[in-house]
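First comes the structure, then the notes that go with it.
The values are calculated or read from the model by the stated rules, or taken from the named source; none is laboratory data. Since we're looking at a predicted model, the values are computed, not measured. Counting neighbours? That spans all protein chains shown, and the Cβs are built from the backbone with ideal geometry, glycine included. Each accessible area value is taken on the protein alone, full model and side chains, heavy atoms only, with ligands, DNA and RNA left out. Shrake-Rupley method; radii C 1.70, N 1.55, O 1.52, S 1.80 Å.
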Amino acid sequence: MPLAAIIDKKVFCVHGGLSPDMSTLDQINTINRYEELPISGPFCDLMWSDPSEDIAGWLLNERGAGYLFGHKVATHFNQINDVTITCRAHQLANEGYQYHFPQ
């Protein structure tokens with residue numbers, strides 16, 4: 001299975017979130033996905049990181065895996081990689097979807 005996908009060259013799709021150790025989409029291709037999920041690092045972060053409306057940057061996730069990332073991190077990642085939005089699947093949204101940051 002892929003770690004992430006790009007839809008129409010503008011939508012970055014990932015299970016969890018972003019990683020402070022990875023700033024470009026090309027770096028995802030360097031991750032060995034044929035191993036057990038590690039407890040830290042970019043592979044772990046893509047699976048378990050979460051957005052947070054309460055911070056602008058990075059904070060260790062209280063779950064013990066991945067990070068919390070804020071609107072400045074998401075905006076910077078989207079700009080560097082020329083994507084419009086980052087979509088994630090790891091979190092329940094009662095309405096079917098949720099925007100964590102201003103569009």
Report summary line: Residues of the stretch 10-45 being in contact (Cβ under 8 Å) with a residue 40 or more places away in the chain and open to solvent by 60 Å² or more (accessible area, probe 1.4 Å), in sequence order, are 10, 15
Requested in this report: Among the numbered conditions (1) farther than 14 Å from residue 14 by Cα; (2) not in a helix (DSSP H, G or I), tell me where residue 76 comes up short.
Outcome: (2)
Query raised in the report: Is it the case that the stretch 62-73 has a residue that's of a type outside the set (Phe, Trp, Tyr), touching a Gly at 6+ places or on another chain (Cβ under 9 Å) and at positive phi?
Result: yes
Report task. Just give me the residues in the stretch 1-21 being modelled with pLDDT of 95 or more, part of a loop (DSSP other than H, G, I, E, B) and farther than 13 Å from residue 83 by Cα, in sequence order. Result -> 18, 20, 21
Report summary line: Looking across the stretch 46-95 at residues that are in contact (Cβ under 8 Å) with a residue 40 or more places away in the chain and aliphatic (A, V, I, L, M), the single one that is nearest to residue 19 (Cα to Cα) is 46
